[in-house]
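Submitted below is the structure of interest, expressed as structure tokens.
Nothing in this text is a laboratory measurement; each read-out follows from the coordinates by a stated rule. Note that the structure is predicted; figures quoted are calculated from it, not measured. As a convention, Cβ positions derive from the backbone with ideal geometry for all residues, glycine included, and neighbour counts pool all protein chains shown.
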Amino acid sequence: MSLGSSLLTGCSSGKKHITILHTNDVHSHLDPFPEDHAAFPDMGGIARRATLISGIREENPHTLLFDAGDIFQGTPYFNFYGGELEFKLMSMLKYDAATLGNHDFDNGIDGLLAQLPYAKFEFLCANYDFSNTVMDGMTTPYKVFEVDGLKVGVFGLGIDLDGLVTKKLYKETRYLDPVEITQDIVRELKEEKGCDLIVCLSHLGYEYRNPQTDSDVLLASRTQEIDLIIGGHTHTFLEKPVVHRNQIDKPVLINQVGCYGINMGRIDFYFEQGELVGGEGITISV
């Protein structure tokens with residue numbers, strides 16, 4: 001993929017066109033904010049998001065929908081129903097996959113497991129080792145989606161729960177180094193699975209003051225073959241995807257759309273003869 005700085009310019013004549021929609025850190029905000037809300041007046045709401053998604057899918061049937069974690073915690077819906085409504089509604093919107101955020105453990109690992117039957121989509125978590133917990137086998141590191149004859153490899157990464165979540169809530173869940181895990185997974189997705197596009201659903205956070213802290217920016221710079229990192233955790237509001245350079249100086253898109261479901265990300269990728277030739281992205285207000 002030799003797109004250089006032109007990655008965001010797009011290529012409207014591309015023979016194949018894949019649209020990726022995404023959310024992050026919705027935090028159980030199912031209703032719009034009130035009209036008199038100081039920061040987000042009359043913004044958000046899952047019904048409005050559903051309408052937007054439906055319209056985009058009509059425009060381009062080759063559309064995937066993802067979430068980058070922290071689905072839970074933030075309104076009484078979670079307090080009363082423990083995540084059931086969030087998962088049911090996301091399933092109705094036909095989310096294709098999500099990763100887990102730290103707040104998705106707020107009712108404990110048993111509470112998370114109890115809600116999984118309501119989620120009709122995959123949870124992708126490559127760097128959480130659940131082998132000594134009740135979540136063993138309930139997530140998968142990655143999934144390959146076939147879209148219009150192209151293979152889209154998607155994997156998930158979670159943040160280090162130590163210090164963010166009480167140990168009794170995540171129990172024996174082990175955090176694995178995201179850079180090492182990513183290097184193994186992208187090699188498998190590219191070389192063994194033959195993926196044309198590789199997407200990371202990340203709840204690591206966009207960037208930190210300490211540049212050595214695991215983050216989306218660090219991940220992009222220390223790995224190869226990722227085309228898009230869909231981020232979460234830091235509630236970073238980006239107007240459009242940011243281009244970073246990977247380990248071999250090729251472009252990686254990173255996007256994150258704030259929080260509470262008031263925005264949705266849209267990224268369009270264009271292919272010619274199976275080769276990725278362009279991409280462009282915007283943030284859509286809900």
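Once phi is turned into θ = phi - 60°, what whole-Hz ³J(HN,Hα) does the Karplus curve with 6.51, -1.76 and 1.60 give for every residue of the stretch 21-32, x standing for Gly and Pro?
Karplus-based 3J(HN,Hα) across the stretch 21-32 equals 10, 7, 10, 7, 6, 5, 6, 6, 7, 8, 9, x Hz.
Let me ask something else. State the answer as a single residue: which of Q256, G279, Y206 lies farthest towards the positive end of the charge dipole of the chain, with beta carbon charges of +1 for Lys and Arg and -1 for Asp and Glu, about the Cα centre.
G279
Right, another one. How large is the dipole of the chain about the Cα centre if only Lys and Arg carry +1 and Asp and Glu carry -1, each at its Cβ, rounded to the nearest 20 debye?
On the way: 23 positive and 41 negative charges, 42 e Å.
Once rounded to the nearest 20, the dipole reads 200 debye.
Mean-square fluctuation check for the chain, GNM, Cα pairs under 10 Å: which of Q224, Q247, Q73 is largest?
Of Q224, Q247, Q73, the most mobile in the Gaussian network model is Q247.
Among the lysines, which have Cα under 30 Å from the Cα of K190 when same-chain residues fewer than 8 positions away are ignored?
K15, K16, K94, K120, K143, K151, K240, K250
Only Cα pairs under 8 Å and at least 6 apart count here; give the relative contact order of the stretch 4-285 as a rounded whole percent.
Numbers: 681 pairs, mean separation 66.9, N = 282.
Relative contact order of the stretch 4-285: 24 percent.
When the Karplus curve 6.51 cos²θ - 1.76 cosθ + 1.60 is applied with θ = phi - 60°, which whole-Hz ³J(HN,Hα) does each residue of the stretch 272-283 get, with x for Gly and Pro?
Rounded to whole hertz, the list is 10, 6, x, 9, 6, 10, x, x, 8, x, 9, 9.
Which residue fluctuates the most in the chain, going by a Gaussian network model with Cα springs under 10 Å, if the choices are R209, R49, R57?
Maximum among the listed residues: R209.
Which residue, D227, D268, D36, tops the fluctuation ranking in a GNM of the chain built on C-alpha contacts under 10 Å?
D36
Going by amide H atoms built from the backbone, whose H comes under 5 Å of the H on C125, apart from near neighbours?
T140, G156
On to the next question. Please turn the phi angles of the stretch 168-180 into ³J(HN,Hα) values with the Karplus equation 6.51 cos²θ - 1.76 cosθ + 1.60 (θ = phi - 60°), one per residue in order, whole Hz, x for glycine and proline.
5, 7, 9, 6, 8, 4, 9, 8, 10, 4, x, 5, 4
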